[in-house]
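A.B. asks: Okay, handing you the structure first.
A short reminder: the numbers here are calculations on the coordinates, not readings from a lab. Keep in mind that this is a model prediction, so the values were computed, not measured. Methodologically, a virtual Cβ is constructed for each residue, glycine included, from the backbone with ideal geometry; neighbour enumeration extends over all protein chains shown.
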């Protein structure tokens, strides 16, 4: 029931078409079911000595034409409803990827998420929509068939009804054992997709280590496991149709022999008019009464597969962001930042950040340094509310950051990451990504400040050159474009998460002057790998195992002759 309700929600904008398709299906089935009845009447008329059956033939031709028209309309409207469902569902899945917390994204492979967005939604469209259509048509056909059968011979109609549960029980018995095969098939399809995506993205690394054969073996192993799952699922569902058809044919034979007996013996009970034509029509109805069960059995596998896919889709859509939204507008610049006793862990058994405290004032340059895994990037994630602390909180302009909507908070904070990202488009569009409606002059000025202008003008089409994350640009050049974005957006708080780690030393020194100019009067938080780049920081926080072990400016930390000085000296050696 919950699944049907959820499915109905995703049909918004097409519910009228869905209702119309149900009406067209009803009319189409009625037109088809009326033909055997009229044919039986025509045969009985001829059998009783009548010669004129022109009315019957006109009726049959009319039902054929009308049935074809209604069937066409039903198929067209059903296709529209299915594609509308796919669009709505895909929109919501994609929106949920942007809404859910990073924790959810981190806990699922990219391949699995792509599978939900593409394959699983197609499975729902082809499985649930087609299955629901077949189910509705089948119910309508069964109901109309029963009416005509009772009109022809109530004894044979009751016989068919009494024997029907045998077919249903057999079909249900076989199909109920198939769901586990489709669940396993879904899981292994996701694993193979994730592995394929990971391998393609990191193909250069694989080749550099000469691991192609090993990766091929791993892929073959996953592909073989999926092949086995596919075979088991297909083999299991293959038993549904033959078993139900066998039972239905036995029921058809019983009805045929009993009907022939009633035609010959004329037992009474109001069946005196039951003749050869009526028997012919009733046998046709008996077969058509059973055929919906066969068709439902045929789509049972697709429906089972679609339900498994729908649960994965709905789980993604119903997953809410575990970082609560605030409601307080942030209409002023961020003047002060503060961290009060912040604790955080990705894993409940291992605390990453321990009692983190800091006061940051407007215009200050704060540097976070420490060995890999000490929690530097995690602090940035907490500040931007990609995650929220387990204990403690950040304070923005004297108020807890959780009071502000995440989107508004992030408008005031610009971030350049160590990992570069460019979308497929022009260099101009990539730089303007963070500022809607930026002018050409602003874009060029930002590129000049980040020292990207020189290499951009050497490209074939300059700022109109099409690039992507996998284009021929060097890592350093892509990083410069990302830095130009932050130059253009010019937020009052700038976060640099080892943003210059992929740029050569000469460019880094030049870029540092550009940052100094940009960040005058602004607050900056720098996660530094090269300690020589933070000598002018107002405050340096030295982290180890999630705790601040030293703090001070560069001369003060060097004079302490502690952990920071050891890190600095190790980079010079």
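A.B. asks: Taking the number of other C-beta atoms within 10 Å as the exposure measure, put 327, 523 in order starting with the fewest.
C.D. replies: 327, 523
A.B. asks: Still on this structure, I have one more. FRET efficiency for residue 328 and residue 560, Cβ-Cβ distance as r, R0 = 51 Å, nearest 0.05?
C.D. replies: That gives a FRET efficiency of 0.80.
A.B. asks: On to the next question. Using only Cα atoms and rounding to the nearest 10 degrees, what angle (0 to 90) does helix 212-237 make with the longest principal axis of the chain?
C.D. replies: 30 degrees
A.B. asks: A further question follows. Would you mind putting 111-120, 310-319, 221-230 in packing order, based on average other-beta-carbon counts within 10 Å, highest first?
C.D. replies: 111-120, 310-319, 221-230
A.B. asks: If you don't mind, there's one more thing I want to ask. Show me the ranking of peptides 13-22, 413-422 by mean Cβ neighbours inside 10 Å, starting with the highest.
C.D. replies: Result, highest mean Cβ count within 10 Å first: 413-422, 13-22.
A.B. asks: On alpha carbon coordinates alone, what is the Rg over Rh value for the range 336-572, Rh being the Kirkwood radius?
C.D. replies: Rg/Rh for the range 336-572 comes to 0.98.
A.B. asks: Could you check what % of the DSSP bridge pairs in the chain are antiparallel, to the nearest 5?
C.D. replies: Percent antiparallel among DSSP bridges in the chain is about 55.
A.B. asks: Same structure again: Tell me, Kirkwood radius of the range 358-426 from alpha-carbon pair distances, in Å?
C.D. replies: Taking every pair of different Cα atoms in the range 358-426, averaging 1/r and inverting gives 14.2 Å.
A.B. asks: Indicate, rounded to the nearest 5 percent, the antiparallel portion of the DSSP beta bridges found entirely in the range 347-500.
C.D. replies: Of those bridges, close to 55 percent are antiparallel.
A.B. asks: From the Cα gyration tensor of the range 86-144, with a ≥ b ≥ c the square roots of its eigenvalues, which class applies: rounded if a/c is under 1.5, or else prolate if a/b is larger than b/c, or else oblate?
C.D. replies: prolate
A.B. asks: Turning to a different aspect of this structure: Under the classification rounded if a/c is under 1.5, otherwise prolate if a/b is larger than b/c and oblate if not, where does the range 1-136 fall, given a ≥ b ≥ c as square roots of the Cα gyration tensor eigenvalues?
C.D. replies: Because a/c hits 1.5 or more and a/b exceeds b/c, the range 1-136 counts as prolate.
A.B. asks: Taking 0.36 nm per intervening residue step and subtracting the Cα-Cα distance, what contour gain separates residue 130 from residue 66 on full extension?
C.D. replies: Length gained, residue 130 through residue 66: 20.8 nm.
A.B. asks: Return one number: the angle in degrees, 0 to 90 and rounded to the nearest 10, between the long axis of the Cα atoms of helix 240-265 and the longest principal axis of the Cα atoms of the chain.
C.D. replies: Helix 240-265 sits at roughly 20 degrees to that axis.
A.B. asks: What are the extents of the Cα atoms of the chain along their three principal axes, listed from largest to smallest and rounded to whole Å?
C.D. replies: The Cα atoms of the chain stretch 119, 50, 48 Å along their principal axes.
A.B. asks: Quick one: angle between helix 130-152 and the longest Cα principal axis of the chain, in degrees between 0 and 90, rounded to 10, please.
C.D. replies: Tilt of helix 130-152: around 10 degrees.
A.B. asks: Hey, fewest Cβ within 10 Å first, where do 251, 142, 58 land in order?
C.D. replies: Listing 251, 142, 58 from fewest to most nearby Cβ atoms yields 58, 142, 251.
A.B. asks: Additional query: For a protection proxy built on the mean count of beta-carbon atoms within 10 angstrom, sort 435-445, 375-385 highest first, please.
C.D. replies: Packing order, densest peptide first, comes out as 375-385, 435-445.
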